[in-house]
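Structure, as C-alpha cells:
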Amino acid sequence: MKIDLYDKKRLGIYVHVPFCISKCAYCDFNSFVPKSETVMTEYVDAVISHMADYREAGRGYVADSVYFGGGTPTALPQRELRRLLSSVSKNFDVSKKAEFTVEVNPGTADLSLFKMMRRCGVNRISMGLQSADNRELAALSRCHTRQEFVDSFRLARQAGFDNISVDLMFGIPGQTMASLLKSLSFVMMLEPEHVSLYNLKIEPGTPFYENRNELRAVLPSEEVEFEMYRAAIDALEKRGYLQYEISNFARFGYRCLHNLKYWNCEEYLGFGVSAHSYFNSNRFAFIDSVDRYIAAVKDKNSPVTVTKESETLEARERMGEYIMLRFRLADGIGSVDFARRFGVSFESLYGRKIEKYVKDGFIEKREGSYALTPAGMFVSNYILSDILEFEDLGAVTGNIT
Ligand code: SF4
C-alpha cells in the first residue's frame, strides 16, 4: 500500500550551521568565524551522527519542511554542505513535496554551489541583504555590497531557484525613510517570492551594544521606525507581497511553511548547537558551544550533556505559547480553533485583558478571530507580556527568526 504524506504525522527539521565568514556588528546569533576547516568537518560529522540518533524517534513522521539556518550554511566547504544536506533524507522520511530552505549570504555561493544544492533537493533560498545602500551595509559591517547581492541572486535564479526570500532591515544607523523605500524598490525590482523585514535591535553582547550611546545619535527614533514599518507594509502590499506575519510578506502561494510550523505550534526537530525542538509535547534545546557539542555527540559516555534545557509543556503553558505565537500571524487567533485545542473559550479567559487594546486600535476584533493591527504588531512584545503577564518573552521568541 502506498504511504502518502497524510498517513504520517508531519515534522519540520532545522539544522543550525554556526559559521560565518565575518561577524556582523549587530548579530547575537550563535555564529562565529571558524579557525579552520577541521572544526567545520568535525561539526558536520557530529550533526550527522546526532541526526542518526533521532532516526528511530522520527519513524512515523514525514518531514514536510527542512530549513538550514545559522550562521551561514554556505560558509561550509561545498563537500561538507553536501554531506549535511544529504544526511537529512538518509535519516528521515522527507516528502518529495517538502519545502527545503537554505540561508545564503551574498558572496558565499557560486553557481556550482547553487546547482549542488538543487541536486540535493533544496528548493528555496533565503538571502540576507538587509539594505541596498552600501553605506548602510558598511554601518552594519555586512560582508557584501549591493552588487554582490545582485550577483548572488541572479546565480540562484540561473541554477533554477524559483522560490527566493530576501531579508531586509529597518532602523539601521543612518537610515532614512527615503533610503528604506529605495531598498524596498530595489528588492521588488528583482521580484523575489518572499520578503522578511526586521527591525534592527541592539542586543547585549554585540559591538552595537557596546557602542549604544554613540549609536543613539544616528539611529532612527522609535516614531520614525514605526513610520518606516507602516510605509514598508504599504509598499510591499502594493506590489503583491501580503503580510502574513509581523516580519514576513509573501506573494500568493509562497509563505514560508517551515516558519509557519513554529507559529502554528507544530512539531519540529532541530540539530546542531543552540537548535530548539518541539517534539512529543517537549520543548528542548541543545548546548551553544561547538566544541562541547562535538564532544558530547561523539562520545555517548561524555560527562557533557548535549541538551541544555528541556521541558514538557503543561496545558496552561501550551496555551500561553499558542497565544504568543499565533498573535504574530496576520490571521491571529481563531475563537473556534482556540476552543477546540484547549476546551475553553479565548474570550472567557482573555476578553477583559484585550478589551483596551481593541479600543485603542492595537487589536482588531474580526468575525470569529482576533489579530494585531500594524500598530499592535510594532509593539507586540509589550502587548503579549501584558496579556500573558510575562516578565520576559525572549525565552520563546528568541529561536524564531
Ligand atoms: S551573516 Fe548573519 S549570522 Fe553571520 S554574523 Fe551576520 S547576521 Fe550573524
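Here are some notes:
- Each label point was placed 7 Å from the Cα along the Cα-to-Cβ direction; for Thr145 and Arg352 their separation is 6.2 nm.
- Residue pairs, from the table Lys35/Lys201; Lys9/Lys97; Lys90/Lys261; Lys182/Lys238; Lys201/Lys359; Lys23/Lys97, whose Cα atoms sit over 26 Å apart: Lys35/Lys201; Lys201/Lys359; Lys23/Lys97
- Farthest toward the positive end of the dipole of region 8-262, out of Gly71, Cys120, Asn105, is the Cα of Cys120, where the dipole comes from beta carbon charges about the Cα centre.
- For the chain, the relative contact order is 14 percent, taking Cα pairs closer than 8 Å that sit 6 or more residues apart in sequence and dividing their mean separation by the residue count.
- Peptides 70-78, 364-372, 245-253, ordered by how many other C-beta atoms sit within 10 Å of their residues on average, highest first, read 70-78, 245-253, 364-372.
- Charged side chains reduced to their Cβ positions (Lys and Arg at +1, Asp and Glu at -1) give the chain a dipole of some 1160 debye around its Cα centre.
- Distance from region 116-159 to region 326-341 (C-alpha centre basis), Å: 35
- For Leu168, distant residues with modelled amide H under 5 Å away: Gln130, Ser196, Leu197, Tyr198
- Per residue of the chain, the DSSP helices (runs of n ≥ 4 H) give a summed -39500 (n - 2.57) that works out to -12000 deg cm²/dmol at 222 nm.
- Taking one quarter of the surface of the convex hull spanned by the alpha-carbon atoms of the chain gives a direction-averaged projected area of 20.6 nm².
- Among the cysteines of the chain, those with no neighbouring cysteine Cβ under 4.7 Å are Cys20, Cys120, Cys143, Cys256, Cys265.
- Interchain or long-range residues, amide H under 5 Å from Phe100's placed H: Val66, Asn123, Arg124
- Cβ crowding within 10 Å averaged over residues, with 51-58, 62-69, 191-198, 135-142 ranked highest first: 62-69, 191-198, 135-142, 51-58
- Under 14 Å from the Cα of Lys365 - aspartates and glutamates, other chains or at least 8 residues apart: Asp331, Glu347, Glu355
- Cα shape, region 161-279, gyration tensor, a/c 1.5 rule: oblate
- Converting phi to 3J(HN,Hα) with the Karplus coefficients 6.51, -1.76 and 1.60 and the offset θ = phi - 60°, region 38-43 yields 4, 5, 5, 5, 5, 5 Hz in sequence order, with x at every glycine or proline.
Where a number appears in this text, it was derived from the coordinates with a stated rule and is not lab data. Quantities reported herein were computed from a predicted structural model and do not represent experimental measurements. In this analysis, Cβ positions are derived from the backbone assuming ideal geometry, glycine residues included, and neighbour counts consider all displayed protein chains.
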